[in-house]
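The values are calculated or read from the model by the stated rules, or taken from the named source; none is laboratory data. Model, not experiment: these values are computed from the prediction. Positions of Cβ are generated from backbone atoms using ideal geometry, with glycine treated the same way; all protein chains shown enter the neighbour counts. These accessible areas exclude ligands, DNA and RNA; they are computed on the full protein's heavy atoms, side chains included. Shrake-Rupley method; radii C 1.70, N 1.55, O 1.52, S 1.80 Å.
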Amino acid sequence: MRVPAAAAAALAVCATGTAVAAADGGRGRPPQREAAALTGTAKLYRPLGDDITFSFDAHLAAKDTMDPLKAYGTFAFSHYLNGRGGYARGRVDCLTTGGRTAVLTGVVTDSDTPFKGRRVGITVTDDGRRDRVGYTWISEDTEKLTVPRCLGAAPFETVEPGTGDFTVLPWHPVYPTE
């Protein structure tokens, strides 16, 4: 079976997760890419050997370029040491990116920690093998912490080399010219 080149290209673009191909009836329109994205999984470095993992599958559709509150997707994080710790999974409610840095917020939907039902903010810098992560629950009193949408913390943690890699698709807002 032979697949026309345009159809094969459209399938390849869709498969990457970084673009959405439009069925344009052969009018020559280029595929429309996402406005922003944060994907990947990695472990954080800790000298005592803590198992701290962050995973992201967050996206902002091209049609929603000017509204990061329409971002969608999931995130997860866990922290274990010597058989003790916890996990959290949630849904994304905001995603902004600039260059190699992404700020994501979302509401925790499943967890064995006090975070269930609460919004958290996470920031990632995609710097090749030296990715970094920051999160809003670093303070001492996390049970009272309230995080507004689209707000994260400086990426102060480093990713453990060889454990994964985050990918940030830069956001390019389109501002009116007239």
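The loop-placed chymotrypsin sites (Phe, Trp or Tyr not before Pro) in region 88-178, going by DSSP, that have at most 16 neighbouring Cβ atoms within 10 Å of their Cβ come out as Phe156. At an R0 of 35 angstrom, the distance between the Cβ atoms of Thr65 and Thr109 translates into a FRET efficiency of 0.85. Ordered by 1.4 Å accessible area with all protein chains kept, Leu48, Leu95, Leu145 run largest first as Leu48, Leu145, Leu95. Atom-type composition of the exposed protein surface of region 27-177 places 53 percent of the accessible area on carbon and sulfur (1.4 angstrom probe). For region 51-137, the list of trypsin sites (Lys or Arg not before Pro) that fall in a loop by DSSP and count at most 15 other C-beta atoms within 10 angstrom reads Lys116. Close amide-amide hydrogen proximity is noted between Val147 and Arg119, each under 5 Å apart and 5 or more residues distant or on a separate chain (H modeled in the peptide plane; Pro and chain starts excluded).
Both radii come from the Cα set of region 135-178: Rg as radius of gyration, Rh as Kirkwood radius; their ratio Rg/Rh reads 1.12.
Label-to-label distance, Glu178 versus Thr41, with points set 7 angstrom from Cα along the beta-carbon direction: 5.0 nm. Within the shell of other residues whose beta carbon sits under 12 angstrom from the beta carbon of Thr74, the net charge comes to -1, with Lys and Arg scored +1 and Asp and Glu -1. Over region 70-118, average the accessible area per residue using a 1.4 Å probe and give it in Å², no decimals. Accessible area per residue: 49 Å². 3J(HN,Hα) couplings calculated from phi for region 58-68 with the Karplus curve 6.51 cos²θ - 1.76 cosθ + 1.60 (θ = phi - 60°) are, in sequence order, 10, 9, 10, 5, 4, 5, 10, 3, 8, 9, x Hz; Gly and Pro show x.
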